[in-house]
Amino acid sequence: MLKCKPSKDRSVFAEVKMLETKGVFCVCLDVFCLIIAGLPFAVLNIQHKPFKRGFFCSDSSIKYPFKEDTISYQLLMGIMIPFTLFTIIFGECFSVYVRSRTSFSHHEYVVCVYKSVGSFVFGAALSQSLTDIAKYSIGRLRPHFLTVCKPDWSLVDCSSGYIENVTCTGDPRISREARLSFYSGHSSFSMYCMLFLALYIQSRMTARWSRLVRPTLQFFFISTSLYVGLSRISDYKHHWSDVLTGLVQGVLVALFTVFYVSDLTENTRSKSDQCVDLSHTSLQENSDLTNNYGTSQ
């Protein structure tokens, strides 16, 4: 999420004052960037015209039966998005509450929630746009393509080899969906959400009691995304390579969002800087003691 990034030593209060003075411009810029990031996703889904790829009659990878979704798109979005947003909002509000128990300012809550939620939504828009650009440009056939397409075989000459033009007699909407196999949107989006959450709690859940709780939650998040992806193979909605590519894309977008868009790693970097400064200070003190000891001799 594009933001007016504060200096290293600027407090949350300074960020609040900045939001009050320059917030309108920053928010408008953020919204503009968010629209640009999600524009390919919106346009491609409105047009809904995937590339019409042909097939070989002997290709057994597209002859699987049609099965209902184990995890439908609506179910995935209806659970992943609210759960992720709730976790981020709760985590940011609790973090602000712990830092500022003596003084209450609702502006601090707004700033922290806006930055974290905005970063997540921006990354989600990128993930969905990248996925649909690949889907509609490549037009790979799903494993159940021939089952839902129901080609008019009287018009198909299998002896010619590659069949480029085919007339589907099945449901037109389902037949178009059957051309969107590469790569898996379920896999990419679920991995993005769950890895973002795993990295989020890595940054925010730093109490001593969370030594085992944190990796347990992270294991649950990643396992959930893997299950979503594997279910797409069992449902004959995607080939294994579609799912693998989707998972990799989700990982890359989540890492990019966390490390280069959000400020979740600023605390880690500041701690590293403090360690470096401390080591330099200790080295200098030891050097001075050695020099003084030598001088006294």
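Some observations on this one:
- Matching helices (runs of 4 or more DSSP H) fully within the stretch 155-238 where at least 2 residues are touching a Phe, Trp or Tyr at 6+ places or on another chain (Cβ under 8 Å) and under 22 Å from Ile88 (Cβ atoms): 185-204
- Filtering Cys112, Cys158, Cys193 for residues that are crowded, with 20+ Cβ neighbours inside 10 Å and at pLDDT below 95 leaves a single hit, Cys112.
- Residues that are under 22 Å from Val253 (Cα atoms) and either at pLDDT 95 or above or more than 17 Å from the chain's Cα centre (by Cα) (or both) do occur in the stretch 44-65, at least one of them.
- Residue selection: Ile133 satisfies the criterion of being surrounded by fewer than 20 Cβ atoms within 10 Å (Cβ to Cβ), in a helix (DSSP H, G or I), aliphatic (A, V, I, L, M) and in the same structural domain as Phe196 (by the TED database).
- Residue within the stretch 99-109 that is part of a helix (DSSP H, G or I) and either closer than 26 Å to Ser181 by Cα or β-branched (Val, Ile, Thr) (or both) present: no
- One residue alone among Leu244, Leu255, Leu278 is in a helix (DSSP H, G or I), aliphatic (A, V, I, L, M) and at pLDDT below 95, and that residue is Leu278.
Residues checked against (1) within 25 Å of Gly123 (Cα to Cα); (2) polar (S, T, N, Q); (3) surrounded by 15 or more Cβ atoms within 10 Å (Cβ to Cβ); (4) touching a helix residue (DSSP H, G or I) at 6+ places or on another chain (Cβ under 7 Å):
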site: Ser181; (1), (2), (3), (4): yes, yes, yes, yes
site: Ser184; (1), (2), (3), (4): yes, yes, yes, yes
site: Leu197; (1), (2), (3), (4): yes, no, yes, yes
site: Arg204; (1), (2), (3), (4): yes, no, yes, yes
site: Val213; (1), (2), (3), (4): no, no, no, no
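- Condition check for Phe86: assigned to a loop (DSSP other than H, G, I, E, B) and either at pLDDT 95 or above or buried (at least 18 other Cβ atoms within 10 Å of the Cβ) (or both): no
The values are calculated or read from the model by the stated rules, or taken from the named source; none is laboratory data. Bear in mind the structure is a predicted one, so any value in this text is a computation, not a measurement. Cβ coordinates were reconstructed from backbone atoms using ideal geometry, including for glycine residues, and neighbour counts include every protein chain displayed.
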